1. Please determine whether any residue of the stretch 64-73 is without any contact (Cβ under 8 Å) to a residue 60 or more places away in the chain, within 22 Å of Thr111 (Cβ to Cβ) and in a loop (DSSP other than H, G, I, E, B).
2. Looking only at residues in the stretch 88-131 that are polar (S, T, N, Q) and under 21 Å from Tyr34 (Cβ atoms), which one is modelled with the highest pLDDT?
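The values are calculated or read from the model by the stated rules, or taken from the named source; none is laboratory data. As the structure is a computational prediction, the values presented were derived from the model and not from experiment. Every residue, glycine among them, receives a Cβ derived from its backbone with ideal geometry; neighbour counts consider all protein chains shown.
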Amino acid sequence: MSGLRINVVLGAIGSILWIIGILMIIPFMVAVYYGEHLFPFSLSLTITLLIAFIFSLLLTEEKGEWNMREGFMIVALGWLTAAIFSSMPYIFEGTPPINALFEAMSGVTATGATALADIESYSKSSCSGGQ
């Protein structure tokens with residue numbers, strides 16, 4: 001049984017972060033269109049792409065297939081990473097972190113559940129589904 005190659009795992013997480021960062025452009029453009037505050041999305045987008053860039057800069061991709069441990073770790077950390085980074089716009093808008101994480105995980109997994117009491121009070125860009 002081979003060990004866990006952390007560079008492989010973090011490299012895959014970096015790729016996931018690139019995708020999340022690029023998808024964050026959608027609610028950013030919705031905010032631009034409706035004249036809403038750009039701060040939550042611009043900061044989230046910057047942080048996400050910066051960390052993705054650092055991961056891709058520091059980690060060299062190893063050749064070969066993933067082993068089972070790496071696959072499990074990539075999937076588990078991938079979902080968690082997607083939820084954490086997708087929750088940042090909500091947090092920067094003032095949503096409590098646990099509710100923001102719930103909303104982001106709900107959005108990433110497409111469950112449709114919400115922890116927000118008055119969803120209509122949030123900006124159109126927050127509800128655009130790009131997170």
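1. Within the stretch 64-73, none of the residues are without any contact (Cβ under 8 Å) to a residue 60 or more places away in the chain, within 22 Å of Thr111 (Cβ to Cβ) and in a loop (DSSP other than H, G, I, E, B).
2. We begin by selecting, within the stretch 88-131, every residue polar (S, T, N, Q); these are 95, 99, 106, 109, 111, 114, 121, 123, 125-126, 128, 131.
Filter once more, so that each one left must be under 21 Å from Tyr34 (Cβ atoms): 95, 114, 121, 123, 125-126, 128, 131.
Details: Thr95: 87, Thr114: 68, Ser121: 54, Ser123: 55, Ser125: 53, Ser126: 55, Ser128: 54, Gln131: 47.
Among them, the one singled out is Thr95.
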